[in-house]
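Comments concern the structure below.
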Amino acid sequence: LFAPAAPEFIAQQPQPPSAEQIELRDGLMEHPARIDPKFLYDALGSALFTAITQLPEYYPTRCEAEIFQRHGADIARHIGPVMSMIDLGAGDCVKAERLFPSLRPRHYVPIDISADYLQAAVRRLQLSYPDLQITALGLDFSLALNLPDGIPAQQRLFFYPGSSIGNLSPDDAHAMLRRIRTQCEGGGLLVGVDRVKPKQVLEPAYDDALHLTAAFNLNLLRHVNQVLNADFDVDDWRHVALFNSASSRIEMHLEAQRAVRVAWPGGTRAFSAGERIHTENSYKFTPQAFADLLQSAGYRDVAHWSDARGWFSIFSARA
Ligand code: AVI
């Protein structure tokens, strides 16, 4: 007797949403909607940010480089000998590289959420510094700061340049500084901080004539489309950057240019014309406010250097 074989049928199991998808979904359903700035940094976003740092309007990178150039020896003296330099948000690793001659680390640990971008940077770096031990970590250090074993805390220097600390809320900045301190007790922290200044200087830095910052902000929607399977149309949105002086921060938003409905698997959100998605804050500090923040997070022996115009500050502190 001929019995036909039973056909095999394999249905794909529905996947539970990832933590990133849940975070995006929840933020998009808030009023006003918000998207965490970490989603600015896919490979294209990281490349756009590198281009932004070369814009005439975007002063922080140049001011920071000026401080290291003018006061590098003094800063290195304050820090003392460095075994391991842990670079938070390393990107292209260029800022840390500039300090290698004065700090002479034996071990470099760059950390960045944009793993592919970091990997390419580290390959280039290793060619120039064949004797430097490099351990690159492609992770989101805002979630957890797990470092490889074998680096004694007192030999760790955390390097947190570029005013990236300003992209955290005041509470999160305090928590991050405390978390770093517990990772380097007996060691130190070197951190770059952008300063309060007139909005005539601040706003163009975040809304430049070439519209690179607009592209950086809008690219976040493409990244969200990828992660969440959403259907944002970049043409429906425009970049907005403004200085909120009461909160001492630059805010970046994406504003709907017309009424739009955005959908993703299992959800949808309608935006009316002019409605905004808040995508980034960039806090600006007075030197006193930041020194107080360091002290309240448990640091001691706080020292501070500025560029000639007093637009940017570097702080060194012991943990
Ligand atoms: C990475 N971070 C310190 C930049 C800033 O200035 O807040 C991000 C940025 N956003 C727009 N332009 C640059």
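Structure summary
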item: Over segment 73-216, relative contact order from alpha-carbon pairs under 8 Å, at least 6 apart, %; result: 22 percent
item: Within the chain, longest stretch free of exposed chymotrypsin sites (Phe, Trp or Tyr not before Pro) [DSSP loop, at most 11 other beta carbons within 10 Å]; result: 10-319
item: His174 versus Glu8: modelled label distance in nm, points set 7 Å from Cα along the beta carbon direction; result: 5.9 nm
item: Prolate/oblate/rounded call for segment 194-319, Cα gyration tensor, a/c under 1.5 rounded; result: prolate
item: Potential extension, Gln126-Ser245 segment - 0.36 nm per residue separation minus Cα distance; result: 38.5 nm
item: Contact order normalised by residue count of segment 43-107, Cα under 8 Å, 6+ apart, percent; result: 32 percent
item: Helix-only [θ]222 nm of the chain, DSSP H runs n ≥ 4, -39500 (n - 2.57) each, per residue, nearest 500; result: -11000 deg cm²/dmol
item: Surrounding net charge for Ser46, when Lys and Arg each add one and Asp and Glu each subtract one, Cβ distance under 13 Å; result: -3
item: Segment 55-103 - Rg and Dmax from Cα coordinates, angstrom; result: 11.8, 36
item: Global form of the chain, assessed from the alpha-carbon gyration tensor, a/c cut-off 1.5; result: oblate
item: Förster-model FRET efficiency, 30 Å R0, Glu255 and Arg309, C-beta, rounded to 0.05; result: 0.40
item: Given the chain, longest segment not containing exposed loop GluC sites (Glu not before Pro) (DSSP; at most 14 other Cβ within 10 Å); result: 31-184
item: Unit charges on C-beta of K, R, D, E only; dipole of segment 20-70, Debye; result: 200 debye
item: For the chain, accessible area per residue (1.4 Å probe, heavy atoms of protein chains only), Å²; result: 49 Å²
item: Apportionment of accessible area to carbon and sulfur, the chain, percent (1.4 Å); result: 53 percent
item: Full-extension gain in nm, Arg300 to Leu143, via 0.36 nm per residue minus C-alpha separation; result: 54.0 nm
item: Phi-based couplings in Hz for segment 160-166 (Karplus 6.51, -1.76, 1.60; Gly and Pro marked x); result: 10, x, x, 6, 5, 4, x
item: Per-pair calculated FRET efficiency, R0 = 35 Å: Gln288 and Gln133 via Cβ, rounded to 0.05; result: 0.35
item: Rounded FRET efficiency, nearest 0.05, which uses the C-beta distance separating Lys197 from Gln119 and R0 of 45 Å; result: 0.80
item: Rounded if a/c under 1.5, otherwise prolate or oblate - segment 106-154, Cα gyration tensor axes; result: oblate
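The values are calculated or read from the model by the stated rules, or taken from the named source; none is laboratory data. Keep in mind the model is a prediction, meaning the values are calculated, not measured. Here the Cβ is made from the backbone with ideal geometry for all residues, glycine too, and neighbour counts use every protein chain on show. Heavy atoms of the whole protein, side chains included, go into the accessibility calculation; ligands, DNA and RNA do not. Shrake-Rupley method; radii C 1.70, N 1.55, O 1.52, S 1.80 Å.
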